[in-house]
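Single-structure report; data block below.
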Amino acid sequence: MAIAKRGLVLGATAVAAAGVIVTGAGLHLSQSKAFFEESPKEVIDEVWQLIDNTYVDATFNQTDWEAVRTDYLSREYSSPEAAYDAVREMLELLEDPYTRFMDPEEFRNMQIDTSGELTGVGIQITQEEETDEIVVVAPIEDTPAFEAGLRSQDVIIEIDGQSTAGMELNDAVSLIRGPVGSDVTLTVRRDAKQLDFNLTRARIEIHPVRYSVNDAPEGPVGYIRLTQFSSNAASEMKEAIEDLESQNVVGYVLDLRSNPGGLLYSSIEIARMWIDDGGIVSTVNRQGVADEELANNRALTDRPLVVLVDGGSASASEILSGALQDNGRAQLVGTQTFGKGLVQSVRSLPDGSGVAITIAKYLTPSGRDINQQGIEPDILVELSEDEQEELSDNRDRIGTLEDPQYRQAEELLLQTVRANQNTAIEPQ
């Protein structure tokens with residue numbers, strides 16, 4: 001993906017940013033909420049302390065973090081909203097788009113996101129670093145945005161006629177969100193074209209795993225498409241693999257294209273279904289302490305595997321594909337992944353708000369730091385504009401031989417299957 005990223009914010013789709021660990025603040029909500037409302041400075045101090053204790057960069061972006069606390073606590077705040085604005089201003093000093101404050105409504109939406117439900121139009125968006133343009137990372141399948149034909153790397157230039165020039169990412173998210181059944185018009189720039197998409201917001205239960213069997217001369221091929229790493233992704237992946245194993249597939253194509261990520265533990269659980277032995281991911285905090293997640297000898301299959309990736313495959317998708325690639329468990333086909341290698345801890349605050357804090361970076365098993373670089377596929381297969389248009393208009397062709405990237409992935413898989421079959425029948 002060629003754009004420089006300043007933030008992968010998925011709130012517009014009600015999907016959590018990838019590589020997320022969700023934790024609580026450990027305070028009693030009702031009593032503390034009243035206290036926070038009476039003393040707005042408390043939320044500022046709470047966030048400051050969380051950053052002070054856990055933020056990945058011990059220099060706080062070369063900022064005197066103690067002086068920041070003194071400055072912001074010396075001010076007077078007339079309301080919780082004024083304190084929220086101050087928290088956001090304080091966090092901007094870190095220049096980290098992934099460390100962000102969420103007011104109570106935004107935090108409730110985030111909690112819905114990780115539960116496997118979507119509220120909104122179904123897109124993930126980011127902000128291009130140099131131009132500040134709002135860019136689509138990927139639409140989520142079976143959402144209004146996907147049905148309408150929005151694509152990865154579309155640039156959103158207007159929301160309901162309001163220009164996004166100079167607009168903050170959170171403001172764009174707020175404008176795109178809205179009540180279920182209400183409408184929003186997104187105007188995008190795609191190459192040299194300007195397109196309008198009239199979308200109706202919806203609440204949709206998302207099933208992140210879909211699978212099917214494709215016939216081939218060498219035997220049935222299992223195709224699994226994983227669209228996000230939500231709380232129900234691992235259980236659905238397990239069901240898919242077990243069902244396909246019962247159908248005696250000869251191998252698998254795992255499709256992670258346009259998967260923006262999700263929960264960190266979900267990617268680890270799914271990796272363990274494919275990898276029997278070896279590392280999955282290491283997270284390194286500001287003290288340099290590495291926490292390595294390993295396979296646990298409980299893989300559900302050892303059949304050949306090929307993984308499809310593209311520029312919309314981010315964070316948890318990169319954890320999974322990097323682990324499979326580094327362990328020699330699978331080859332990757334498609335285009336370079338998004339390049340988000342940071343882990344956030346999402347903490348609830350006593351007044352119902354929350355904060356996402358970058359607490360670590362993650363490395364693939366071989367030690368690759370993919371942040372802002374992404375993962376290169378073993379075999380590069382790009383889709384032309386016409387091919388993207390064809391698949392967007394005919395979704396039933398995704399994951400079939402009419403899908404050029406899938407076709408290459410299946411051929412690569414079947415080469416391995418044929419090699420294994422020939423080895424099996426050689427005289428001993």
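Tabulated values for the structure
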{"item": "Global form of region 286-397, assessed from the alpha-carbon gyration tensor, a/c cut-off 1.5", "result": "oblate"}
{"item": "In nm, spacing of pseudo-spin labels at Asn61 and Ala192 (7 Å Cα→C-beta vector)", "result": "3.8 nm"}
{"item": "Global geometry of region 270-339, whether rounded, prolate or oblate, following the gyration tensor of its Cα atoms and the 1.5 cut on a/c", "result": "oblate"}
{"item": "Two-site FRET efficiency, Thr400 against Lys238, from Cβ-Cβ distance with R₀ of 30 Å, rounded to 0.05", "result": "0.75"}
{"item": "Lys340, Lys41, Lys193, ranked by accessible area, largest first (probe 1.4 Å)", "result": "Lys193, Lys41, Lys340"}
{"item": "Å² of accessible area per residue within the chain, as computed with a 1.4 Å probe and no ligands counted", "result": "42 Å²"}
{"item": "Where Rh is the Kirkwood radius over Cα pairs, Rg/Rh for region 175-243", "result": "1.17"}
{"item": "Positive-pole candidate from Ala360, Tyr265, Trp65, dipole of the chain, charges at beta carbon", "result": "Tyr265"}
{"item": "Antiparallel content of DSSP bridges confined to the chain, in %, to 5", "result": "70 percent"}
{"item": "Contour minus Cα-Cα distance for Gln49 and Asn422 (0.36 nm per residue)", "result": "128.1 nm"}
{"item": "Unit charges at the beta carbon, dipole of the chain: most positive-side option, Leu413, Leu383, Ala192", "result": "Leu413"}
{"item": "Length gained when the stretch Thr200-Ser174 is fully extended (0.36 nm per residue, less Cα-Cα span)", "result": "7.9 nm"}
{"item": "Within the accessible area of the chain (1.4 Å probe), percent carbon and sulfur", "result": "45 percent"}
{"item": "Lys, Arg +1 and Asp, Glu -1 on Cβ, resulting dipole of the chain about Cα centre, debye, nearest 20", "result": "700 debye"}
{"item": "Length added when fully stretched, Ser78-Asn248, from 0.36 nm per residue minus Cα-Cα", "result": "54.6 nm"}
{"item": "Estimated 222 nm signal from helices in the chain, with DSSP H stretches of n ≥ 4 weighted -39500 (n - 2.57), rounded to 500", "result": "-10000 deg cm²/dmol"}
{"item": "Label-to-label distance, nm, for residues given as Arg286 and Asp183 (7 Å Cα→Cβ offset)", "result": "4.9 nm"}
{"item": "Overall form of region 183-332 per C-alpha gyration tensor (a/c, 1.5; a/b vs b/c)", "result": "oblate"}
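The values are calculated or read from the model by the stated rules, or taken from the named source; none is laboratory data. On a predicted model such as this, the values are computed, not experimentally measured, just so you know. No Cβ is skipped: glycine too gets one built from the backbone with ideal geometry, and neighbour counts run over all protein chains shown. Accessible surface is based on the protein model in full, side chains and every heavy atom, while ligands, DNA and RNA are left aside. Shrake-Rupley method; radii C 1.70, N 1.55, O 1.52, S 1.80 Å.
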